[in-house]
Amino acid sequence: MDIGKRIYDLRMNQKMSAKELAKKVGVSAAFISALEHHTTSASIATLEQLCGGLNISLSEFFQEDEAPLDVELLHKFANMQVQQKAAILNLIEAFCPDKDSDTAQNNNGEDKG
């Protein structure tokens with residue numbers, strides 16, 4: 001895994017500057033830049049702090065199968081109010097109905113006579 005690129009991608013997805021991330025984490029913007037350009041490395045403790053600044057867990061950081069858009073969507077969803085989450089869930093269900101829900105609706109709507 002390219003840790004520097006991962007930090008950069010996550011930061012860009014959140015429209016966060018290196019200076020903003022550095023301030024959140026308590027390191028210099030130069031350190032963030034050096035990480036992203038592979039001229040320094042970070043300890044696990046520092047990486048955990050960076051993840052905190054990016055609002056993700058260390059395990060999420062190392063999940064390579066998640067697309068950046070997925071990370072952004074999860075981040076935005078986590079920061080929504082309950083009513084907003086319910087509205088988004090309804091929208092998703094309208095576009096991607098469960099097969100079980102379709103079967104139940106079809107069975108309930110069938111003419112048995």
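Below are the figures for this structure:
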{"read-out": "More than 12 angstrom apart: percent of Cα pairs within the range 1-44", "value": "57"}
{"read-out": "Rel. contact order, % - alpha carbon contacts under 8 angstrom, at least six apart, the range 4-62", "value": "33"}
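Every number in this text was worked out from the coordinates using simple rules, so none of it is lab data. These figures come from a predicted structure and were not determined experimentally.
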